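In what follows, a structure is listed as structure tokens, so that the remarks can point back to it.
What follows is calculated from the coordinates using simple rules that are stated; it is not laboratory data. All figures in this text were calculated on a predicted structure; none of them were measured in a lab. Cβ placement follows ideal geometry from the backbone for every residue including glycine, while neighbour counts extend to all protein chains displayed.
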Amino acid sequence: MSMPVRIDPELYALARAEAAIEHRTIAGQIEYWAKIGRTALDNPDLPINFIVDVVASLAEPAEYETPYSPNLF
């Protein structure tokens with residue numbers, strides 16, 4: 001479901017530029033930023049790069065996942 005939302009024109013311009021680089025829609029870019037920001041606020045002890053990697057891995061299709069297998073000598 002989509003809903004119209006008013007945002008600052010500067011934020012919109014930044015989202016448009018970043019969306020083009022990241023191959024997302026403008027709405028998708030704003031949603032991505034919101035997801036990262038919300039996760040960072042909920043987990044202030046985690047580094048932002050870790051949060052970005054986790055969010056990216058959650059969006060990865062299951063068929064691309066590599067099962068973890070510990071390297072036991």
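Placing R0 at 25 angstrom, the Cβ-Cβ distance between residue 71 and residue 46 gives a FRET efficiency of 0.50 after rounding to 0.05.
Relative contact order of the chain: 16 percent, from C-alpha pairs under 8 Å at least 6 residues apart in sequence.
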